[in-house]
1. Hey, Asn93 hits all of (1) away from the ligand (no atom under 12 Å from the Cβ); (2) in a helix (DSSP H, G or I); (3) buried (at least 20 other Cβ atoms within 10 Å of the Cβ) but one; which does it fall short on?
2. What's the total number of residues in the range 117-143 that are in a helix (DSSP H, G or I) and either of a type in the set (Lys, Arg) or in contact with a Cys (Cβ under 9 Å, 6 or more places away or on another chain) (or both)?
3. Give me the residue from the range 104-116 that is within 17 Å of the chain's Cα centre (by Cα) and in a helix (DSSP H, G or I) and, out of that set, surrounded by the most Cβ atoms within 10 Å (Cβ to Cβ).
4. Considering every residue within the range 350-369, establish whether at least one is of a type in the set (Gly, Ala, Ser) and at negative phi.
5. Between residues in the range 59-70 that are assigned to a helix (DSSP H, G or I) and residues that are aromatic (Phe, Trp, Tyr), which pairs lie under 7 Å by C-beta distance while being six or more apart or on different chains?
6. Name the residues in the range 20-38 that are part of a loop (DSSP other than H, G, I, E, B) and closer than 21 Å to Leu363 by Cα, would you?
7. Can you pull out the residues in the range 67-80 that are of a type in the set (D, E, K, R) and either within 12 Å of the ligand (Cβ to nearest atom) or open to solvent by less than 20 Å² (accessible area, probe 1.4 Å) (or both)?
8. Which of (1) open to solvent by 20 Å² or more (accessible area, probe 1.4 Å); (2) modelled with pLDDT under 95; (3) touching a helix residue (DSSP H, G or I) at 6+ places or on another chain (Cβ under 9 Å) does Leu427 not meet, given it meets every other one?
Amino acid sequence: MTATASSTKPKKILDGPKAPAFVQTMKALIYPFKSLEVNCQKYGDIFSGKSIGFPSFVMLSNPQAIEQVFTADPDLFEIGKGNFTVKPLLGENSLVLLDGKEHKKTRKLLMPPFHGERMKSYGQIICDTTEKAIANWEINKHFIVRKYTQEISLRVIVKAVFGIDRGEKYESLIELITSWLDIFNSPLKSFFLALPWLQKDLGLLTPWGRFLQERKLIYDILAEEINERRNNPELLGEDILSLMLSVRDEDGEPMRDEEIQDELMTMLFGGHETTASSLAWAFYWIHSLPEVKEKLMEELNAIADFSDTNAIAKLPYLSAVVAETLRISPVLLFTFGRRLKEPWEMMGYRFEAGTMFVPCIYLTHYREDIYPEPHKFKPERFLEKQFSPYEYFPFGGGNRRCLGYAFALFEMKLVLATVLSQVELKLLEQRPVTSSRRGITFSPSGGVKMSLVRNCSR
Ligand code: HEM
């Protein structure tokens, strides 16, 4: 463990709101952005707070403090246990809920398909899935762009997880997951996930009852698929499910079915909900700012070979547009909380065991000293400067950094390039779109209304 040696200097006193935990929780649920901004303005970029059901926390938007947390010995913190609110969504064996050796082992197993050559092999699938999804758009008819980005990202992750994306079973799975996640499509319904005391099964007419019922249907399909592959080894391929079925631990034991089910849910959920909302934001920003769209189209129009997906993913302005989207419209406001296992000194403060550090993506990404005019969408910032991983961290950091970050970036760039090179779209939103809670993530309110102006031939 790397707890800093105690110094003789007097310790700084940490400040933060004094209201009871219930009041702070309600403010954070009802006004998530405002309450963070107000507290940061009043108490600075390291402040304390309380939330019902959680240990007292320390909110961080100070890059130096975030660096210390991300680079500390991971054994100093407990992270998985603090993520208990996602248990109903992902299951108790999910990577997100693991710590220590178990976490490291599972992460190592699940990482390869989301990086390097294996990831790049999904390039054509992403482009084809996108083309299919947008084929039904009709000229001058409006549509909600998030609905399509969700369909694309869900189909892509289903393919990565199962190696197949056709057939009745997969269509049912896609339909069920979409309907299941839609249960929490409003800020009010999202409270069910944040507040465990609301989680009562009062039948199908209540959100929680429907949530449990649909979750069971999804689990049934996953169990059936696991069973079928276990009994038919010839069905095993390069996909993530096959990988989990083939792996053995040090004692030669395979993964249990419940473990596999929960990791499948983690990939299916983590792998599409965030990407879908980030993509919807990207379409919104590109079409709100004609100068951004013009520059982007100039870059895309110069592509000679659209089948070279690696070259598309390296385009500088497209990459900057994606990076700026993830800065200005983060779909997760914080990383996971890091709960201290022993006393620790950091930035002149002494923290007791049990304190939970919460690196705040939203507040850090809006720091005026790092991002001048933070409310303006300016991709150029990412061409002019390289930000440190403690100033810019849409995917978190340290040993918990998003497992699918490279995959998500690759997918976002290919979907944008495919759509923008094939159709001309118009934004139909009359007012600036705001961010609203959707389950445990944030999404553009209303999903971004657009229409098709014309089809373009490449
Ligand atoms: C734009 C899209 C995405 C965003 C913004 C995002 C963001 C994040 C963030 C902030 C974390 C927490 C990291 C931390 O606490 O340090 C995380 C964790 C995670 N993400 Fe993503 N993510 C995205 C896409 C994906 C995709 C495509 C996958 C596919 C597998 C994925 C799987 C995961 C998993 C499994 C974890 C838990 C990692 C662990 O506990 O070790 N995410 N993500």
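1. Checking Asn93 against (1) away from the ligand (no atom under 12 Å from the Cβ); (2) in a helix (DSSP H, G or I); (3) buried (at least 20 other Cβ atoms within 10 Å of the Cβ), the one that fails is (2).
2. So the first thing to find is which residues in the range 117-143 are in a helix (DSSP H, G or I), and the list is 117-120, 123-134.
Next, only the ones that are either of a type in the set (Lys, Arg) or in contact with a Cys (Cβ under 9 Å, 6 or more places away or on another chain) (or both) stay: 118, 120, 132.
Counting residues in the range 117-143 that are in a helix (DSSP H, G or I) and either of a type in the set (Lys, Arg) or in contact with a Cys (Cβ under 9 Å, 6 or more places away or on another chain) (or both) gives 3.
3. Quick first cut of the range 104-116, residues within 17 Å of the chain's Cα centre (by Cα) only: 107, 110-111, 114-115.
Now narrow it down to the ones that are in a helix (DSSP H, G or I): 107, 110, 114.
Details: Arg107: 15, Leu110: 19, Phe114: 21.
Result: Phe114.
4. yes
5. Pro63/Tyr390; Ile66/Tyr390; Glu67/Tyr390; Val69/Phe357; Phe70/Tyr390
6. We begin by selecting, within the range 20-38, every residue part of a loop (DSSP other than H, G, I, E, B); these are 20, 31.
If the condition is that a residue be part of a loop (DSSP other than H, G, I, E, B) and closer than 21 Å to Leu363 by Cα, then Tyr31 is the only one that fits.
7. Step one: list which residues in the range 67-80 are of a type in the set (D, E, K, R), which gives 67, 73, 75, 78.
Within the range 67-80, none qualify.
8. Going through (1) open to solvent by 20 Å² or more (accessible area, probe 1.4 Å); (2) modelled with pLDDT under 95; (3) touching a helix residue (DSSP H, G or I) at 6+ places or on another chain (Cβ under 9 Å) one by one, Leu427 breaks only (2).
The values are calculated or read from the model by the stated rules, or taken from the named source; none is laboratory data. Everything numeric in this text was worked out from a predicted model, so none of it was measured. Here Cβ is always computed from backbone atoms with ideal geometry, including for glycine, and neighbour counts include all displayed protein chains. Just the protein is used for accessible areas: all its heavy atoms, side chains included, with ligands, DNA and RNA removed. Shrake-Rupley method; radii C 1.70, N 1.55, O 1.52, S 1.80 Å.
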